[in-house]
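Following: one structure in structure tokens, then a few remarks.
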Amino acid sequence: MTLIFTCGGTAGHINPAIAVANAMRERYPECRILFIGAKGHMEEKLVPQAGYEVICLLASGLSRRLNPAGLKQNLYAFKCVLNAVKACRRIFREEKPDAVIGTGGYASFPALFAAQRMGIPTCVHEANALPGVTTRMAAKRASRVLVAFDESVQYYPHPDKVEVVGMPVRREFLFETRESARAELGLSGPVVVSAFGSQGAKVMNETVADMMVLEQKDGFPFHHIHATGSFGKEWMPRRVEENGVNWRGCPALDIREYIYNMPQVLAAADVVVGRAGSATCNEIGAAGIPCILIPSPNVTNNHQEKNARVLEKCGGAVVLLERDCTPEKLYGLIRELLANEDRRKEMKRNLHSQIKLDSTDRICDIVQQLCGK
């Protein structure tokens, strides 16, 4: 069996694909698995680290600007798509895949388009409640469309081929224990984790940098692990230092670009602070870690706030809008949660109730069907 996964741009698109690939390899150890993504993005790092080969092609997102610069970018994006479709056709003729699985991002469209034109079964997974542009285009000819939320089915013209499967997460998020994670990481006492996507968010990095001043004033009441993302890896630590916090010599502060061992770090945490992309919400839910979600205001159809409100409604999350998020407000919410163990236990139970823990297995069953297994 040969499977090709296509995804790209952010860890939220890549990690679900890796989760399914890992599960398929467990079922079929001799299965040939290949990834197709975009040059210059996270898949170039994350996929090889997971043990898979990835072919990265030139790709570009569309611009919504109605000006010469926007037109120029869209022409370039169209050219990238044409070239990538040709490249994917060559790859498919050589690899002869049994199925192509897309998990989001504009980088996934050329592979899905090429596979559909060549008669190769395709499966599309949409993580958010509202389908993105790539999913809407690819879903028209997809063999199966998989969604994370019941509310999503209404947005597709052929509901008969849409199935609600939840969001696949790596098994480590389900089975990593707090005790073993803390022992291996050498952590004790309250632990807070903050991260705002693989690329990072400028406003939130600034907020967290300024919040670390408050932590210092209180004698660092918790161990704080923060991921800056690729855009903040240089200037954010400098801002912390300019604020008078010597984070490099402080055992309570751990600032890094990306948290590669996120399942272990989450398992060790008492509170996590982050965005509300579907992958993030489901990883937090699978780990059962009380969370403060700060949805990105810069996403299509405000879909992150919709994701966050689902967890808030069930009592598993505190939602704080970015416009209301000051260092003082965020720090106060963290301290409140850390001081209330009963509430954190209830949030953990509520989070687990919202997550489809068998999502990865459901998707694997569907992939097997597409491959005739």
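Rule-based calculations on the coordinates, nothing more; no lab input. Nothing here was measured: the structure is a model prediction, and the numbers come from that model. Here the Cβ is made from the backbone with ideal geometry for all residues, glycine too, and neighbour counts use every protein chain on show.
For region 82-158, the fraction of C-alpha pairs farther apart than 14 angstrom is 56 percent. Annotation: amide H-H contacts under 5 Å for VAL273 (H modelled 1.01 Å from N, sequence separation of 5 or more, or interchain): VAL193, SER194, ALA195, ILE292.
Near the amide H of GLY37, within less than 5 Å, lie the amide hydrogens of ILE55, CYS56, LEU57, all on another chain or at least 5 residues away, with H placed in the peptide plane.
With 26 Å as the limit on Cα-Cα distance, the pairs of LYS72/LYS161; LYS313/LYS345; LYS202/LYS306 that go past it are LYS72/LYS161.
Annotation: peptides 228-238, 74-84, ranked by per-residue average of other Cβ atoms within 10 Å with the highest first, follow the order 228-238, 74-84.
Based on the Cβ-Cβ distance of ARG93 and ARG256, what FRET efficiency does E = 1/(1 + (r/R0)^6) give at R0 = 45 Å, to the nearest 0.05? For ARG93 and ARG256, the calculated efficiency is 0.60. The listed peptides 304-312, 19-27, 86-94, 122-130, ordered by packing as a protection proxy, come out as 122-130, 304-312, 19-27, 86-94 (highest mean of other Cβ atoms within 10 Å first). The residues neighbouring HIS125, those whose beta-carbon lies less than 12 Å from its own, together hold a net charge of 0 under the Lys/Arg +1, Asp/Glu -1 convention. The alpha-carbon atoms of region 192-295, seen along their principal axes, cover 37, 27, 21 angstrom, with the largest extent given first. Taking label positions 7 Å along the Cα-Cβ direction at both THR2 and ASP342, the computed distance is 6.1 nm, reported to one decimal. Under a 5 Å amide H cut-off, with hydrogens placed 1.01 Å from N, ILE255 pairs with HIS226 among residues at least 5 apart or on other chains. If you take the Cα centroid of region 1-63 and the Cα centroid of region 184-223, the two points sit 30 Å apart. Listed from fewest to most Cβ neighbours within 10 Å, the set SER108, SER188 follows the order SER188, SER108. Under Stokes-Einstein, with the Kirkwood radius over Cα pairs standing in for Rh, what whole-number D in µm²/s applies to the chain at 10 °C and 1.306 mPa s? Estimated diffusion coefficient is 74 µm²/s.
In plain terms, the residue of ILE120, ILE36 with the fewest other Cβ atoms within 10 Å comes first and the most crowded comes last, giving ILE120, ILE36.
Hey, what's the per residue convex hull volume over the C-alpha atoms of region 172-354, in cubic angstrom? Walk me through the intermediate numbers first.
Values: hull volume 19.4 nm³, N = 183.
Each residue corresponds to 106 Å³ of Cα convex hull volume.
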